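The block underneath contains the structure these notes are about, expressed in structure tokens.
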Amino acid sequence: MSDPKERPIPLAQHDVRPEDIAAVVGVLKSDRLSLGQKSQAFERALAAVAGVKYAVAVNSGTSALHLLIRALDIGPGDEVITTPFSFIASTNCILFERATPVFVDIEPETLCIDPALIEPAITSRTKAILAVDAFGHPADLPAIEEIARARGLRLIEDSAESLGSTLGGRLCGSFGDAGIFGFYPNKQITTGEGGAVVTNDARIAELCRSMADQGRGAEEAWLHHVRLGYNYRLDEMSAALGLSQVARLKEIVAARAQVAAWYFDALSDVNEVVLPKVADNVGMSWFVFVIRLAERFSRADRDRVLARLRDHGIGCRDYFTPIHLQPYIREALGTRVGQFAVTERVCDRTIALPFYSQMTQQEVHQVGDALRSSLGRGGTV
Ligand SMILES: Cc1ncc(COP(=O)(O)O)c(C=O)c1O
């Protein structure tokens, strides 16, 4: 067995095959590096894997979120209810447009926004709900859709981490008014940097497409601009990579499910940790594998375990840190420690373990062994 101290096991690794490289090189040899057929084909493939009519490919998941905030006309004075347990972009996109994020806490098992807490947070200024499918696990989107419908609110599904996941047989990205995907290299599929808006709403798709391309109109001349726009376009090399990768999505999702199953098996006897939970009606497309130390441990204990794992050559990190406790968010919104107890308790104890589709069972066992020795004897750390 190789020693991770000599050959470290990374936290994440992209899965790029010879056919992906050939697809990118093919574009480089062509006469179109932007605004071409590959982006259009990638969009059709994405719409299919999200079970929606329209996809607009863009240069990041953050850009996709920003476009949706603008397309839904969310701006100054509007409130958007969202989760503090996410990657920062899901809150930043609200702040970009001078709207106000209103955080509510998460469910302790799925780590997604708790629908029971949404209703009490609604005010006359609430315009939308932005729910995040944490680590690939869908939020309770049918319940949230019901609240949005009853209260006349818009709903954005931040499905950046859940490409290929299903809830009650329905694909992630297809809930609410629109969803988004992200294709950073640690995601299920990558385009290097990249993202997409996915929706069944023709108007939202059209607005996003126009704003991503300098505010051009659909049929207009190159230098005719009908609204404020950005350059959020995805180039053809990235689109070709995405198209090649998305063709293997089923295979990638299955490989990641196998790695997750190996972890469940390898860590089942480690009573110092809590393993991820998957709701019964969920088909999981795993983004990351994040365990937690049991409640009796502290953040300092967790940080010690992370340091020891790294000494063993195991890539790992705390994941996430609470958004409401980021310095500039505290300053902007006046948020403070103790406000979202579940999120804070979870964040203090998370350990993201190495996770990628090519990971072997042997590597999973090496991580398990390193974790056991990092936890020490008798449950002390
Ligand atoms: C939940 C969530 N939302 C948004 C994003 C932003 O995506 P990107 O990094 O492609 O801008 C990410 C990226 O990791 C994410 O995890």
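The values are calculated or read from the model by the stated rules, or taken from the named source; none is laboratory data. Every value quoted in this text rests on a predicted model; they were computed, and no experiment measured them. Neighbour counts run over all protein chains shown; Cβ positions are idealised from the backbone, glycine included. These accessible areas exclude ligands, DNA and RNA; they are computed on the full protein's heavy atoms, side chains included. Shrake-Rupley method; radii C 1.70, N 1.55, O 1.52, S 1.80 Å.
I'd like the orientation of helix 37-50 relative to the chain: the angle between its Cα long axis and the longest Cα principal axis, in ° from 0 to 90, rounded to 10.
60 degrees
Which links in K29/K187; K5/K187; K38/K187; K187/K277 stretch past 23 Å when you go from one Cα to the other?
Over 23 Å apart, Cα to Cα: K29/K187; K5/K187.
Helix 18-28 against the longest principal axis of the chain: what's the angle in degrees, Cα atoms only, rounded to the nearest 10?
Around 30 degrees separate the two axes.
Order the following by accessible area, largest value first: K5, K250, K38. Probe radius 1.4 Å; ligands, DNA and RNA are ignored.
K250, K5, K38
Using a simple charge model, +1 on the beta-carbon of Lys and Arg, -1 on the beta-carbon of Asp and Glu, nothing else, what dipole does the chain show about its Cα centre, in debye to the nearest 20?
Its charge dipole is roughly 380 debye.
Is the shape of the chain rounded, prolate or oblate, going by the alpha carbon gyration tensor and its root eigenvalues a ≥ b ≥ c, with a/c under 1.5 for rounded and a/b larger than b/c for prolate?
The shape class here is oblate.
Go through Y232, Y356, Y54 and list them by solvent-accessible area, largest first, probe radius 1.4 Å.
So the residues, ranked largest to smallest area, are Y54, Y232, Y356.
Given springs between every Cα pair under 10 Å in a Gaussian network model of the chain, which of N59, N200, N231 has the largest fluctuation?
N231
Assuming a ≥ b ≥ c are the square roots of the Cα gyration tensor eigenvalues, decide whether the stretch 224-381 counts as rounded (a/c under 1.5), prolate (otherwise, with a/b larger than b/c) or oblate.
Verdict is oblate for the stretch 224-381.
Where only protein heavy atoms count, and the probe is 1.4 Å, what is the accessible area per residue for the chain in Å²?
Here the residues of the chain average 42 Å² of exposed surface.
Would you give the gap between the C-alpha center of the stretch 188-261 and the C-alpha center of the stretch 63-135, rounded to a whole Å?
Each part's Cα centre sits 22 Å from the other's.
Straight distance only, please: which aspartates and glutamates reach the Cα of K127 with their own Cα at less than 17 Å, same-chain residues fewer than 8 apart left out?
Partners found: D73, D78, E79, E97, E119, E145, E146, E157, D158, D177.
For E295, what accessible area in Å² do you get when you roll a 1.4 Å probe over the heavy atoms of the protein chains, rounding to the nearest 10?
So the heavy atoms of E295 present about 110 Å² to solvent.
Of the heavy-atom accessible surface of the stretch 228-268 (probe 1.4 angstrom), what whole percent is carbon and sulfur?
Carbon-and-sulfur percentage of accessible area, whole number: 59.
Label-point separation (nm) for Q362 and L228, each offset 7 Å from Cα along Cα-to-Cβ?
5.6 nm
Quick one: with all protein chains in place, what share of the accessible area of the stretch 65-215 is carbon or sulfur, to the nearest percent (1.4 Å probe)?
50 percent
Rounded, prolate or oblate: which fits the stretch 16-107, taking a ≥ b ≥ c as square roots of the Cα gyration tensor eigenvalues, rounded meaning a/c under 1.5, else prolate when a/b beats b/c?
prolate
What does the accessible area of W286 come to, in Å² to the nearest 10, when a probe of 1.4 Å is used?
20 Å²
Taking 56 Å as R0, compute the FRET efficiency from the Cβ-Cβ separation of Q37 and R345 and round it to 0.05.
After rounding to 0.05, the efficiency reads 0.70.
Excluding ligands and nucleic acids, what accessible area in Å² is computed for K277 using a 1.4 Å probe, to the nearest 10?
100 Å²
Share of antiparallel DSSP beta bridges in the chain, in percent to the nearest 5?
Antiparallel bridges: around 60 percent, rounded to the nearest 5.
Give me the angle, in degrees from 0 to 90, between the Cα long axis of helix 141-151 and the longest principal axis of the Cα atoms of the chain, rounded to the nearest 10.
The answer is roughly 50 degrees.
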